[in-house]
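The values are calculated or read from the model by the stated rules, or taken from the named source; none is laboratory data. Since the structure is predicted, the reported quantities are computational estimates derived from the model, not experimental observations. Because the Cβ atoms are built from the backbone with ideal geometry, glycine has one as well, and the counts that use them run over all protein chains shown. Remember, those area values only see protein heavy atoms, side chains included, never the ligands or the DNA or RNA. Shrake-Rupley method; radii C 1.70, N 1.55, O 1.52, S 1.80 Å.
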Amino acid sequence: MSANSAPSAPPAAAPSPAHAWLAQRSFAPQPFQLEVWAAIAQGASGLLHANTGAGKTWGVWLGLLNALAQIAPARSAAPPITVLWITPMRALAADTVAALRGPMADLAPTWTIGLRTGDTPSGERARQDKRLPTVLVTTPESLTVLISRPDAAERLGAVRAVVVDEWHELIASKRGVQVQLALARLARYSFDSYLGSQNERSRPIGPKDSSAPVVWGLSATLGNAELAMATLCAPLLQPSSPAPQLVRAHVAKPLIIDSLIPPDPGRYAWAGHLGARMVGAVANALDAHGGTALVFTNVRSQAEIWHQMLLDELPQRDANWAAQLALHHGSLDASVRTWVEAGLKTGTLRAVVATSSLDLGVDFAPVDRVLQIGSPKGLARLVQRAGRSGHSPGRPSRITLVPAHTWELIEAVAARRAVAAGHMESRSSPHKPLDVLVQHIVTVALGGGFTPEALLAELRSTHCYRDLSADELAWAIGFCEHGGSSLAAYPEYHRIAQDAAGIYRVSNPALARRHRMSIGTIVSEANLKVSFLNGQTIGTVEEGFAARLKKGDCFVFAGRVLQFVRLQELTVWVQRATKPRGIVPSWQGSRMSMSGELADAVLALLAQVQAGDAATLAEPEIVAALPLVHTQQATSKLPLPGRLLVESWQSTEGWHLFVYPFAGRSVHLGLANLLAWRLTQQAANTFSLSVNDFGLELLAAQPLQADIATLAAALQTGDVQADVLSSLNASELSQRRFREVARIGGLVHTGMPGAQKTARQLQASSGLFFEVFKKYDPGNLLLAQAEREALLQDLQADRLHATLQRLADMPIDWVQLPRPSPLCVPLMVERFREQWSNEQLQTRLARLLAEAGEAAAPGASHSVDGPHSPPRKRGKPGPRGTRARRA
């Protein structure tokens with residue numbers, strides 16, 4: 001059905017080779033698959049939106065095989081490249097090749113299929129350089145490298161179809177922008193190839209006067225599927241193209257969301273996210289489970305810790321567990337990841353602890369249960385990970401939530417009900433990222449060259465650059481040509497130049513090689529290999545972690561306790577340690593923020609609890625959380641939809657103000673700084689700040705001159721952007737973002753193989769450019785982009801503005817606390833967690849409650865664990881931008 005049409009009966013379809021292929025395997029096409037096949041046969045692009053395991057891959061792939069087999073000329077040799085299948089992850093790419101090869105062997109036996117990612121061996125790359133396979137499964141980065149080749153138009157002009165897998169995972173990132181730009185390039189190649197009538201080119205699918213390939217996206221979890229489809233299809237739409245089709249699969253697939261209940265949740269929940277006290281319950285669940293399970297965590301360091309804890313627990317129940325438990329995340333060596341994936345497919349592994357490296361569409365048939373450690377923080381992530389179990393039509397998917405603290409029991413019920421109601425987060429494309437544009441300009445100049453007029457039209461065909469002005473493109477081209485007004489004297493920044501015909505090209509081989517090595521938008525701290533002394537590589541750690549190691553230090557990595565020997569030749573050389581424990585590497589990246597959809601679901605659930613709804617109070621998780629809920633009600637109030645809960649309390653530390661907008665950690669970070677700044681404009685004070693997903697804390701050194709009216713005024717929208725920039729060290733935030741912008745835009749090069757630059761060198765280089773541009777080129781558009789990204793990504797300024805608009809008319813429930821409430825204690829813990837060890841922290845919290853006349857509940861401290869960011873120093877921005885605020 002189209003994006004604006006109502007569901008209709010699937011079109012009648014004559015028997016096709018795909019029908020016969022399915023029948024031989026005792027399958028019949030599902031209605032949504034027939035709908036996709038009919039749309040493809042008409043030459044329509046579109047988006048297939050279906051729950052995980054419903055059969056999306058066959059829905060699009062069999063439709064393409066049907067259509068292409070009918071229009072392609074008969075040939076005994078393999079056709080040129082005809083289908084590009086873009087996937088966001090290397091693990092997914094290998095699994096996709098296997099899934100596509102089966103039908104292709106029977107329905108298109110002369111076709112070839114290949115894989116091209118960062119893990120592809122050099123020998124296979126060399127073969128592909130001579131001739132690309134008929135079907136190429138690749139990533140956005142590897143496709144962009146192909147586009148940078150001088151013969152890209154000739155090599156890719158025969159592509160008739162593009163499939164973008166897991167489009168929901170790509171659309172909101174700069175990698176999604178790369179995909180849009182690549183599709184616009186392919187449309188250009190196809191048009192030129194169509195005009196040239198190359199002999200090997202098969203005619204297009206659908207209308208004969210259409211030259212563009214069709215593109216289909218596959219997605220499982222999007223709240224704005226119509227916009228996602230329009231974003232994907234825009235570059236390939238032509239006047240003769242049929243309207244894009246949005247096909248929604250209505251497949252009855254059971255989804256079970258349950259929880260492991262802590263034995264004694266207690267009345268207070270410290271704000272841990274590791275959940276170490278649940279390891280026994282998780283081990284029992286895995287041991288009692290007869291099948292294969294995935295245990296998901298949100299970050300790699302947490303995965304390493306949980307793997308180690310389960311490795312200590314499970315073999316005590318059954319010695320075979322030592323060989324049946326594994327670990328998987330993106331920093332492990334490709335050979336390790338491949339071994340784990342093979343073990344999951346064959347069922348030789350009973351459990352794997354993993355991060356997002358396995359939560360996309362990889363098909364592991366034996367997996368029939370998923371456990372999620374801590375809150376998934378979003379509905380889409382919850383559904384996506386649940387879909388790793390029972391990954392085939394008709395089989396139920398089951399995910400068990402393991403709460404890291406008691407409030408997450410309430411989150412679990414809220415998430416379950418929101419998913420049942422069909423709620424899902426929306427995702428949209430970044431708008432005009434100029435660093436990606438600068439990189440793309442050099443890529444296109446390498447890939448045959450361009451003229452500004454043709455490139456502008458091509459860029460405007462994409463959703464992300466639809467309103468790019470001629471002046472903005474002229475600036476970007478000029479920046480690539482001579483480095484702008486401040487870098488004109490340096491030849492290495494004269495990356496492109498016009499030839500006699502007025503076409504921009506790259507003529508310097510060294511600059512061309514450097515650019516191809518830098519293509520991509522994934523920016524992280526420099527990684528160093530981790531290798532045993534015998535040369536076996538097991539993965540990578542970030543340079544910042546390796547730099548802190550001393551000879552003899554032990555650390556946990558890849559499920560082993562390793563001993564650091566030396567750092568040499570950009571390699572961390574290790575040997576197996578005899579010690580049973582070690583520190584755990586920490587990787588760059590912030591803690592996840594709760595989505596607005598999940599936060600709204602939590603508030604709605606608390607309203608039902610407040611109203612005494614019988615069905616809600618009978619939920620097992622709510623029954624377990626009732627001591628905490630009753631303590632909150634007795635001490636303060638429950639936060640409710642349409643009302644803003646504010647708590648205040650005076651302790652020996654100072655004057656506390658707790659505000660609970662339920663907008664997520666990132667929004668609360670900006671809001672806390674904004675409130676502190678606005679309050680200090682009215683009365684001098686010094687504030688320490690703390691935030692979590694539920695709310696924020698302002699701890700004042702002097703008595704707070706604030707009441708409901710004062711707070712309401714401080715929460716007015718006003719000039720949010722200006723006030724946020726005034727409340728923070730905006731230059732520092734922008735400079736951090738500029739490091740990413742500089743690397744994507746090609747200003748900073750990570751180095752040649754074997755001679756990579758260190759993270760400190762990269763930071764120093766980007767910092768130097770930042771200062772030079774500010775002083776000598778203040779109108780540089782990359783500076784403006786860095787500031788904009790700091791606001792939108794670090795502080796989520798758009799959501800902050802929406803939150804202030806929502807709060808502006810809300811009545812305020814202000815409670816003067818007699819003692820700390822269950823809601824405010826986690827915020828206090830955020831401030832001083834790493835000033836003490838876990839034992840000291842528990843003692844400090846127990847004393848704090850005792851001073852307030854409240855004895856700590858027996859199970860209250862079950863979540864005092866896990867790595868957390870250190871407290872912020874006064875006046876100095878920390879990793880999340882929080883700081884003490886002084887008038």
Would it be correct to say that Ala78 is open to solvent by 20 Å² or more (accessible area, probe 1.4 Å), at pLDDT below 85 and either at positive phi or not in a loop (DSSP other than H, G, I, E, B) (or both)? no
Name the residues in region 777-827 that are over 27 Å from Pro703 (Cβ atoms) and not in a helix (DSSP H, G or I), would you? Asp777, Pro778, Gly779, Asn780, Leu795, Gln796, Asp809
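What helices (runs of 4 or more DSSP H) completely inside region 542-636 contain at least 3 residues that are without any contact (Cβ under 8 Å) to a residue 24 or more places away in the chain?
614-617, 620-635
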I'm trying to understand the selection: among the residues of region 90-130, which are open to solvent by 40 Å² or more (accessible area, probe 1.4 Å) and outside any helix (DSSP H, G or I)? Pro109, Thr110, Thr112, Leu115, Gly118, Asp119, Pro121
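Go through region 241-297 residue by residue and tally those that are under 30 Å from Val162 (Cα atoms), of a type in the set (D, E, K, R) and in a loop (DSSP other than H, G, I, E, B). Before you say what the answer is, go through the steps one by one.
As a first pass, look at region 241-297 and keep what is under 30 Å from Val162 (Cα atoms): 241-253.
From what is left, the residues that are of a type in the set (D, E, K, R) are 248, 253.
Next, from what is left, pick out any that are in a loop (DSSP other than H, G, I, E, B): 253.
The number of residues fulfilling the criteria is 1.
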Given the conditions (1) out of contact with any strand residue (DSSP E or B) (no Cβ under 7 Å at 6 or more places or on another chain); (2) open to solvent by less than 40 Å² (accessible area, probe 1.4 Å), every one holds for Ala709 apart from (2)
Residue selected from region 298-330 under the condition in a helix (DSSP H, G or I), acidic (Asp, Glu) and open to solvent by 20 Å² or more (accessible area, probe 1.4 Å), by the criterion farthest from Gly582 (Cα to Cα): Glu313
Please go through (1) under 30 Å from Val177 (Cα atoms); (2) buried (at least 17 other Cβ atoms within 10 Å of the Cβ); (3) modelled with pLDDT of 90 or more for Ala784 and return the number of the only condition it doesn't satisfy. (2)
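Considering only region 134-158, state which residues are of a type in the set (Ser, Thr, Tyr) and over 11 Å from Gly448 (Cβ atoms). If you could, list the steps in order and put the result at the bottom.
Step one: filter region 134-158 for residues of a type in the set (Ser, Thr, Tyr), giving 134, 138-139, 142, 144, 148.
Selection gives Thr134, Thr138, Thr139, Ser142, Thr144.
Just checking, how many residues over region 435-457 are more than 24 Å from Ile522 (Cα to Cα) and of a type outside the set (S, T, N, Q)?
In the first step, residues of region 435-457 are kept if they are more than 24 Å from Ile522 (Cα to Cα); the result is 448-457.
Then drop every residue that is not of a type outside the set (S, T, N, Q), which leaves 448-450, 452-457.
Residues meeting the conditions: 9.
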Can you tell me which of (1) open to solvent by less than 40 Å² (accessible area, probe 1.4 Å); (2) small (Gly, Ala, Ser); (3) closer than 30 Å to Trp407 by Cα is the one Ser356 doesn't meet? (1)
Answer from Gly535, Gly544 - the residue that is modelled with pLDDT of 85 or more, surrounded by fewer than 18 Cβ atoms within 10 Å (Cβ to Cβ) and more than 30 Å from Gln180 (Cα to Cα): Gly535
The residue from Ala365, Ala351, Ala380 that alone is more than 14 Å from the chain's Cα centre (by Cα) and either among the charged types (D, E, K, R) or at pLDDT 90 or above (or both) is Ala351
Only residues that are over 26 Å from the mean Cα position of the chain (by Cα), open to solvent by less than 20 Å² (accessible area, probe 1.4 Å) and at pLDDT 80 or above: list them for region 749-776, please. Gly767, Phe770, Phe773
Could you go through region 661-682 and let me know if any residue there is in a helix (DSSP H, G or I), surrounded by 23 or more Cβ atoms within 10 Å (Cβ to Cβ) and more than 33 Å from the chain's Cα centre (by Cα). yes
Any hit, region 476-483, residues being under 32 Å from the mean Cα position of the chain (by Cα) and under 18 Å from Thr144 (Cβ atoms): yes
So for region 471-484 (the condition being surrounded by 14 or more Cβ atoms within 10 Å (Cβ to Cβ) and in contact with a Phe, Trp or Tyr (Cβ under 6 Å, 6 or more places away or on another chain)), does at least one residue qualify? yes
Within region 448-464, restricting to residues that are among the hydrophobic types (A, V, I, L, M, F, W, C) and closer than 20 Å to Lys174 by Cα, the one that is most open to solvent (accessible area, probe 1.4 Å) is Leu456
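Could you tell me which of the residues Ser397, Ser426 is more than 30 Å from Thr571 (Cβ to Cβ) and surrounded by fewer than 19 Cβ atoms within 10 Å (Cβ to Cβ)?
Values: Ser397 fails: surrounded by fewer than 19 Cβ atoms within 10 Å (Cβ to Cβ).
Result: Ser426 is the single residue among Ser397, Ser426 that is more than 30 Å from Thr571 (Cβ to Cβ) and surrounded by fewer than 19 Cβ atoms within 10 Å (Cβ to Cβ).
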Please verify whether region 272-286 includes one or more residues that are of a type in the set (Lys, Arg) and in contact (Cβ under 8 Å) with a residue 60 or more places away in the chain. yes
Quickly run through region 612-629 and pick out the residues that are open to solvent by 10 Å² or more (accessible area, probe 1.4 Å) and in contact with a Lys or Arg (Cβ under 8 Å, 6 or more places away or on another chain). Pro627
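Considering only residues of region 287-297 that are open to solvent by less than 40 Å² (accessible area, probe 1.4 Å) and more than 21 Å from the chain's Cα centre (by Cα), which is farthest from Pro366 (Cα to Cα)?
Narrowing region 287-297 to residues open to solvent by less than 40 Å² (accessible area, probe 1.4 Å): 289, 291-297.
The next check asks that each one be more than 21 Å from the chain's Cα centre (by Cα); those that pass are 289, 291-293.
Values: His289: 12, Gly291: 7, Thr292: 6, Ala293: 8 Å.
By that ranking, first place goes to His289.
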So which residues in region 560-600 are within 30 Å of Met424 (Cβ to Cβ), at pLDDT below 75, open to solvent by less than 90 Å² (accessible area, probe 1.4 Å) and of a type outside the set (Phe, Trp, Tyr), if there are any at all? Gly589, Arg591
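From the list Ala445, Ala414, Ala404, Ala418, which one is closer than 30 Å to His482 by Cα, open to solvent by less than 30 Å² (accessible area, probe 1.4 Å) and either touching a residue at least 40 places away in the same chain (Cβ under 8 Å) or more than 24 Å from the chain's Cα centre (by Cα) (or both)? Let's see the steps before the verdict.
Working: Ala414 fails: closer than 30 Å to His482 by Cα; Ala404 fails: closer than 30 Å to His482 by Cα; Ala418 fails: closer than 30 Å to His482 by Cα.
From the options Ala445, Ala414, Ala404, Ala418, the qualifying one is Ala445.
Looking at the structure I just gave you, is Pro254 under 30 Å from Leu48 (Cα atoms) and touching a Pro at 6+ places or on another chain (Cβ under 6 Å)? Lay out the reasoning, then the answer.
Details: under 30 Å from Leu48 (Cα atoms): yes; touching a Pro at 6+ places or on another chain (Cβ under 6 Å): yes.
Answer is yes for this residue.
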Residue list for region 812-823, filter: open to solvent by less than 10 Å² (accessible area, probe 1.4 Å) and in contact with a Gly (Cβ under 8 Å, 6 or more places away or on another chain): Leu823
